[in-house]
Amino acid sequence: MSNDITGNSLLIVWHSRTGAAEAAARQAYKAAQAIRNELGEPHRNVYLKRACDVTPQDMLEAGAYLFCAPENLASLSGQMKECLDRLYYPVLHRIEGRIFGVIITAGSDGEGALRQLRRICSGWRLNEQVPGIILNMRSDTEESILAPKTLSETQQQQAGEIGATLFALL
Ligand SMILES: Cc1cc2nc3c(=O)[nH]c(=O)nc-3n(C[C@H](O)[C@H](O)[C@H](O)COP(=O)(O)O)c2cc1C
């Protein structure tokens, strides 16, 4: 798939443990696809990829990025961090000025993960044209934290708006 990604594409990268960040990524993907169809844009595409599958080539070939991941233990989830650690130097200085968005899912906070992701993206000199958001899943007991998650309608809308806006900005 990476060979198909072009500089006019939005790449949505996700990691999720209990489903919230994955649902947000899928919602953003759906909304970006809807704008693409509405505008009849054969040359601009949107791709959805698990963090562990993203390659440096995928990053180089996309024009905009959306990172969706949970906050775990006050940080970005380990798999999203591993993805960014793996990609950081292979694409450093080669993606400057491209745009990005962030969706962090959290039980009650999310600020640590958002800050961390922004810091990594600022190292890449990416441009946060669509302000990142935290989706608060209100899970603060062991049971609710480990339970599968679904997004509220408002959260679905928020995720969709980010996907659609990033696509429109390409
Ligand atoms: C190991 C672990 C650590 C977590 N640490 C935090 C945390 O530091 N802050 C927070 O707000 N939520 C924390 N949470 C809650 C998750 O961020 C929340 O459940 C979110 O919905 C997870 O997104 P996901 O469903 O995409 O995995 C933690 C969850 C797990 C499993």
Could you derive backbone 3J(HN,Hα) for region 136-146 from the dihedral phi with the Karplus parameters 6.51, -1.76 and 1.60 (θ = phi - 60°), listing whole Hz in sequence and x where the residue is Gly or Pro? 8, 8, 6, 10, 10, 10, 4, 5, 6, 5, 7
Anyone know which of Gln155, Gln27, Gln57 comes out most mobile in the 10 Å Cα GNM of the chain? Gln57
Between Ser75 and residues 5 or more places away or on another chain, which pairs have amide H atoms under 5 Å apart, with H built 1.01 Å from N, and which residues are they? none
Expressed to one decimal in nm², the mean projection of the alpha carbon convex hull of region 69-170 is 6.7 nm²
Relative intensity, log₁₀ I(q)/I(0), of the chain from a Debye sum that treats every alpha carbon as a point, q = 0.11, 0.12, 0.13 Å⁻¹: -0.40, -0.47, -0.56
Sticking with the crude label model, points 7 Å out along Cα→Cβ, report the distance from Cys52 to Glu142 in nm, one decimal please. 2.5 nm
Residues with amide H under 5 Å from that of Leu11, placed H, sequence gap 5 or more: Tyr47, Gly63, Ala64, Tyr65, Leu66
Region 46-87 and region 89-127 have their Cα centres apart by a whole-number Å value of 9 Å
Whole-Hz Karplus couplings 3J(HN,Hα) for region 51-58, θ = phi - 60° and coefficients 6.51, -1.76, 1.60, Gly and Pro as x, run 3, 5, 9, 6, 10, x, 4, 4
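Laboratory data are not the source of any read-out in this text; all were calculated from the coordinates shown. The structure displayed is predicted, hence computed values, not measured ones. A quick note on method: Cβ atoms are made from the backbone with ideal geometry, for glycine too, and the neighbour counts reach across all protein chains shown.
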